[in-house]
1. Take the residues in segment B:4-32 that are surrounded by 18 or more Cβ atoms within 10 Å (Cβ to Cβ) and without any contact (Cβ under 8 Å) to a residue 12 or more places away in the chain, then tell me which one is farthest from residue B:163 (Cα to Cα).
2. (1) touching a strand residue (DSSP E or B) at 6+ places or on another chain (Cβ under 8 Å); (2) part of a helix (DSSP H, G or I); (3) buried (at least 17 other Cβ atoms within 10 Å of the Cβ); (4) more than 10 Å from every other protein chain (Cβ to nearest Cβ): which one isn't true of residue A:66, the others all being true?
3. Quick one: which of A:159, A:86, A:124 is within 16 Å of DNA strand D (Cβ to nearest atom) and either more than 7 Å from chain B (Cβ to nearest Cβ) or under 30 Å from residue B:103 (Cβ atoms) (or both)?
4. Scan segment A:83-119 for residues that are in a helix (DSSP H, G or I) and under 20 Å from residue B:13 (Cβ atoms) and report the count.
5. Looking at (1) buried (at least 18 other Cβ atoms within 10 Å of the Cβ); (2) touching a strand residue (DSSP E or B) at 6+ places or on another chain (Cβ under 7 Å); (3) more than 7 Å from chain A (Cβ to nearest Cβ), which is the only condition residue B:131 fails?
6. Is it the case that segment B:38-49 has a residue that's away from DNA strand D (no atom under 11 Å from the Cβ) and under 20 Å from residue A:115 (Cβ atoms)?
7. Pull up segment B:43-60, narrow it to residues that are part of a helix (DSSP H, G or I) and surrounded by fewer than 21 Cβ atoms within 10 Å (Cβ to Cβ), then point me to the one that is farthest from DNA strand C (Cβ to nearest atom).
8. Can you find, within segment B:4-35, the residue that is farthest from the other protein chains (Cβ to nearest Cβ) among those that are part of a loop (DSSP other than H, G, I, E, B) and within 12 Å of DNA strand C (Cβ to nearest atom)?
DNA sequence: TTAATTGCGGATATAATTTATCCGTGATAG
DNA sequence: CTATCACGGATAAATTATATCCGCAATTAA
């Protein structure tokens, strides 16, 4: 029951992009450099986000990624599901239909297993909580809580990137 | 982000044991046979439940497992955490402290990362939902919803086990 | 048009984890 | 004393996660 750390990378990338002006984009290499993570592997995560319509791709020189839609319409859930896939984390293998006391007819098991239902209900609550958190909220919170010195360094780093293009 | 299927096995085992009289116990082999799952591997899961005080062990011939406490004091969360461990499913690697814009002093990052906080909050909601579901509820629901024919077969199977000892 | 840059997708290699089994030890009922 | 059973360690196989590389298509600047 562990979430891939590429999810963390993806959320950080999206949050960074969400705070940028709409006409600015960053390449996979830029994003990897900014976050100090391996470029080729991060690129895979960005590809998934792009395939799922969360990021927009600009190819060619000066190309890269930007947010495909408004930051308030992208939730943490969108990003998590894009990277992890939207299969349920609990897979019911219907073991109630195994063993010596099981019934032959699968018709007897029309309703879902109660145990699986309980697990799925909890997962839905988790998803709903992640759905609530939009990129806008994260961007706003960062502006308030982050160290002003890092904000400044980030702005300078972005300017450098932008000017060198 | 996938939960081990031994969690499913463990919950089914605990639910079965929760429905039994207090002085009855089932061996790992019995539980494996009942659920149609491999015995040596299920035994590992039962050991974990035993170590975490969810199941009580009776060793020697006629030994096995029974619930260590009342069914209404054991929740799905207890079982899930016993098998999966109680580490958070989201591991924050503090990537905000990596890259060219990070600050040298780790004092600047006293508050937890906002992204991690959001993920952890969702996980806490998930845990709270699982905490609500006690084995009592599952046992009661099974009595109402399960096919009477399977209940009868189960009773007969249990009687066989009990009489042969 | 050409050269350079960038994302895309497939193939592949390595690391880590999960899944599964086995065996020796200690406990206990008959 | 013997057969049964849980326990814990060791180990092996299978699956998944992590990471990299390369050729291709798209795009831009010179």
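1. Per the stated criteria, the residue is B:8.
2. (2)
3. Values: A:159 fails: within 16 Å of DNA strand D (Cβ to nearest atom); A:124 fails: within 16 Å of DNA strand D (Cβ to nearest atom).
Only one candidate qualifies: A:86.
4. Start the filter on segment A:83-119 by keeping residues that are in a helix (DSSP H, G or I), which leaves A:83-84, A:95-97, A:106-109, A:114-119.
Those left that are additionally under 20 Å from residue B:13 (Cβ atoms): A:95-97, A:109, A:114-119.
Looking only at that region, the number is 10.
5. (1)
6. Checked segment B:38-49: at least one residue is away from DNA strand D (no atom under 11 Å from the Cβ) and under 20 Å from residue A:115 (Cβ atoms).
7. Top of the filtered list is B:51.
8. B:25
Throughout, read-outs are computed from the coordinates displayed, never taken from laboratory work. Just so it is clear, the model here is predicted, and its values are computed rather than measured. FYI the Cβ positions are ideal-geometry reconstructions off the backbone, even for glycines, and counts take in every protein chain you see.
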